[in-house]
Structure formats: C-alpha cells, structure tokens
1. Is at least one residue of the range 204-213 over 18 Å from Ala460 (Cα atoms), among the small types (Gly, Ala, Ser) and at pLDDT 95 or above?
2. Within the range 412-425, how many residues are at negative phi and either in contact with a Cys (Cβ under 9 Å, 6 or more places away or on another chain) or open to solvent by 10 Å² or more (accessible area, probe 1.4 Å) (or both)?
3. Identify all residues within the range 309-353 that are over 23 Å from Pro363 (Cβ atoms), part of a strand (DSSP E or B) and either at pLDDT below 95 or aliphatic (A, V, I, L, M) (or both); write none if there are none.
4. Could you list, in sequence order, the residues of the range 207-223 that are in a loop (DSSP other than H, G, I, E, B), open to solvent by 20 Å² or more (accessible area, probe 1.4 Å) and not β-branched (Val, Ile, Thr)?
5. Output the number of residues of the range 440-474 satisfying the condition of being open to solvent by 40 Å² or more (accessible area, probe 1.4 Å) and small (Gly, Ala, Ser).
6. Tell me which residues, restricted to the range 290-302, are in a loop (DSSP other than H, G, I, E, B) and either surrounded by 19 or more Cβ atoms within 10 Å (Cβ to Cβ) or in contact (Cβ under 8 Å) with a residue 24 or more places away in the chain (or both).
7. State yes or no: is Asp194 in contact with a Phe, Trp or Tyr (Cβ under 7 Å, 6 or more places away or on another chain), at pLDDT 90 or above and open to solvent by 20 Å² or more (accessible area, probe 1.4 Å)?
8. Given the residues Ser305, Ser287, which is the only one that is surrounded by fewer than 19 Cβ atoms within 10 Å (Cβ to Cβ) and either among the hydroxyl-bearing types (Ser, Thr, Tyr) or at pLDDT 95 or above (or both)?
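The values are calculated or read from the model by the stated rules, or taken from the named source; none is laboratory data. Just so it is clear, the structure is predicted and the values come from calculations on it, not from any experiment. Here the Cβ positions follow ideal geometry from the backbone for every residue, glycine too, while neighbour counts run over all protein chains shown. In case anyone asks, the SASA skips ligands and DNA or RNA and just uses the protein heavy atoms, side chains included. Shrake-Rupley method; radii C 1.70, N 1.55, O 1.52, S 1.80 Å.
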Amino acid sequence: MDPQTRRKSGLNLPAGMNETSLRLDSIVKQNPSVSSSSVFRVASVSSPRMISSLSSPSKTSVCSDRFIPCRSASRLNTFGLLDKPAAAGSPVKEGGNETYARLLKCELFGSDFGSFSSSPAGSSGLGSPNMLRFKTDHSGGPNSPYSPSILRQDSGSSNEGSTPTKPPRKVPKTPHKVLDAPSLQDDFYLNVVDWSSQNVLAVGLGTCVYLWSASNSKVTKLCDLGPNDSVCSVQWTREGSYISVGTHFGQVQVWDGTQCKRVRTMGGHQTRTGVLAWNSRTLASGSRDRNILQHDLRVPSDFVSKLVGHKSEVCGLKWSHDDRQLASGGNDNQLLVWNQQSQQPILKLTEHTAAVKAITWSPHQSGLLASGGGTADRCIRFWNTTTGHQLNHIDTGSQVCNLAWSKNVNELVSTHGYSQNQIMVWKYPSLSKVATLTGHSLRVLYLAMSPDGQTIVTGAGDETLRFWNVFPSMKTPAPVKDTGLWSLGRTHIR
C-alpha cells in the first residue's frame, strides 16, 4: 500500500499491511460463561467503515496522555457506596444503615463526596474537587453531623496542631508522714519551720530548736534559749550548714548545724524577730519593731544597714533568686520591694487589705512575685516587680498563711487559716486548682519544701507536722505516688 493510499484511508499502517487485512469486530458479551479472551478477535473486513467499531457503542471514551482519577467514573455502586433509591412499595426500615453508609462515605472520600458522586459523567472537566489540593476543605455547615469529621484527627482546621488533653496530675490527699510537735506555737506572725538543702528540718518548739534528719529520722536538739525566751523564727543558709535563730528578745543567733555550736549573736531589734531571710552573703531580719536589719557575718558590727518603711510588724521576708531584690510584708497590709543600692523601697504595693506574711518569688521567671493576704483579704496577688504592675489575683476564700513556688513545675502551694485550714496547689499562670489537701484542725501557719522540690511539710497550731507529696520530680514529671521515703505513721520529733 503506497503512502498516498494510507493518507486517504486515515490509517497509519505498517509497510506490507493493507487495509483489507485488518478487521476488528466488537462483540457484546451476553453470556457470562464466555471467556474474556473471546470478546475481541482480528479478522479481515471488506469495508473501512468498520473501523468505527473500535469505540464502545454505549460510551464514548476520552483519550489522554495521562491518567486523571475521576470518582464520578468509578464503579462505586459495586461497593454499595452510592445512594440507592428505595424500591417502590418497599417499607423503609427504621434504624437502617443509611446513617452508617453516609458516615462511611464521609470518612473514605471526604464530606464533599456527595456533591460529585451523584453528578453524571462528563459534567465536570476534572470530576474531583480535591484536584491540586493538599487537603480537602471541610467547610460543611454547622448542621451537618459529618463535617468536620468526628473520627479523623485532621478534618477541619480547628483540630490542626491540637494535642490530646493530658489527664490531671494526681496528688495524694493524705500525708505520708505525721510528726508530733508539742509546743508548736499558734502565732500567725512567726516562722519556726525550715528545711535545709542538706535534707535537715529545723523546728522551733517553745524555747528550743530541734533538727530532724529526713534521711534517717534522727532528732537532734540544737539549742535551748532558756525559760524566759522563745524561738520566733528559724532560717537555714542556702548551703544548709548554718542556721539562724530569731528570739523573742530581738536577738539573731547563728549556729553551726552540724556541730550544734553557736557561731554569732547579733542584736539591733527592740523586740521579737519573727522572720529571717538569707541571700548568698547577708542575712535580713524583720521584727515587731517595724524595722528590717541587714547582717553580714564578715564584719564585727551587729548589722550593716537598716530598712525603714513598714508601719507595723514585719512578718514576711524573701530574697529573689538572683539576690537583687528583697520583698517584705507587714501587718500594715503593705508589700514592699527593696534593692541593695537604696535604703528606701523601690516599690510600695498596697492592694492587700490584711497582713502580708505569705511571699514567694518565681524560680521560672525573673521579677515575678506572689503574695498572700490575711483574713480580711484572702487573696493571692501576682506582681511584676520590674514594672510594679499587678498581673493577676485570685480570692482563695480563707486567710493565706504561706506561699511556696515549685522549682520543678510552674505551680505554687499555699497554706491557709481561717476558716478552712486547707492546703492548695495552683497552676500558673492559669491559676487553676490542682489539688486541695485537708488534715490540720487549726491554721496551717508553717510551710517548708524539701530540697528535691517534691515534698512539703506543713505545721499548724494543732501541734503536728505533716509531710505531703505534692510536686513531681524535675526530670520525670510523672504522677507522684502515695508512697514516700517514710512509712505512714505518727512519731514524735522530741
């Protein structure tokens, strides 16, 4: 067949083959038993018009150089995923599988599957609305129960980036250790319990100071001030080797905790010294005489500076973790902030309406201070000492006696007096309540934290010291178990 003849017929046939040697018959498969190999056969034809039988008589196929999936052309009815009209006269079954089928289609093909699955073939150029999209846009109306999907994590932009809600941390509701502490004073303005970095608890009971080792439960009597004096405050140095004792007569004594030997006695106050606070070099003491004295053991004088600002007894003192600022609270309802360069307070915070004894600095954020007010106030307030602004506050419902900020997690614990005598754990900055612990029958006036930051000890006028597992460890923030270093039971501290 010459090239001119091939151009006229419209076929590009190989050399040596003519049009009469090729015939393609289209045979419609009627009998299911007929094998697929016998559907098409090659034979000779007498007319070139038979070439039109290459295309299917019932459907026109569109040829292309690439495959573009089109769900509208898929045989979804084979899998029962298309809505089938109910047969005439057939009863509608209540509680049938229509809802399940719609939900299944939504999960398999997206919430917009119904908009194109029922459209006729060829009505859309591409067929699928998801073409050239990374993700199906689930923008169904709020009335549709299938959009966004209730099963898939990534359906809907509101769920993107969301993490599973963590279960709340469980805090044991009972103390794992109780110590009897006879003669533990029921006085809001005193501070007679402190826990050293070497795991030794110091407690002032009447005229004496006792040391209780948390590692072996050994009790040591540190000192006895005599029948006419009494212990009003105790405070360990940060290294845990020396302890200061404030007395009823206004003295400040410094003792070697390991040798039980007095190192120094300093005067300066006119009456009882109810609160003490060490930084890395100096010791601050607050008194009923309304003054704060700065003591330096490296110089022979009793004190190196006097801070005057309160109009009533000083009952709260805390140095910031960087030693730059000292916060003081008094019975005049004032919270004052001092620095080492000035004899006058740099901040006067007067929002409290009762005595401010409870003070704590955040170990997680510089310049963040928390303070608690007495019976007429009942609030914990949070301050930015850089700007002097109050950041937040919360009404606890009862007198705030003590505050301590956890170094392991961004939470703090508060102890309370009138009228509920409870211990509360707060998450910061949400101020959501993590736990409420009860057990003391009188005001929880004293609070100290263990060196590992997991256990707190509380003291009350009911003459008991109670140990609670409150915070997780710093390395593994797992729920704290109800078993601790000591077995549950009550023993005597002296």
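1. Scanning the range 204-213, I find at least one residue that is over 18 Å from Ala460 (Cα atoms), among the small types (Gly, Ala, Ser) and at pLDDT 95 or above, so the answer is yes.
2. The total comes to 7.
3. Selection gives Val314 alone.
4. Of everything in the range 207-223, those that are in a loop (DSSP other than H, G, I, E, B), open to solvent by 20 Å² or more (accessible area, probe 1.4 Å) and not β-branched (Val, Ile, Thr) turn out to be Ser215, Asn216, Ser217, Lys218.
5. So the answer is 1.
6. Result: Arg290, Leu297, Asp302.
7. Spelling it out, Asp194 is indeed in contact with a Phe, Trp or Tyr (Cβ under 7 Å, 6 or more places away or on another chain), at pLDDT 90 or above and open to solvent by 20 Å² or more (accessible area, probe 1.4 Å).
8. Selected residue: Ser305, the only one of Ser305, Ser287 that is surrounded by fewer than 19 Cβ atoms within 10 Å (Cβ to Cβ) and either among the hydroxyl-bearing types (Ser, Thr, Tyr) or at pLDDT 95 or above (or both).
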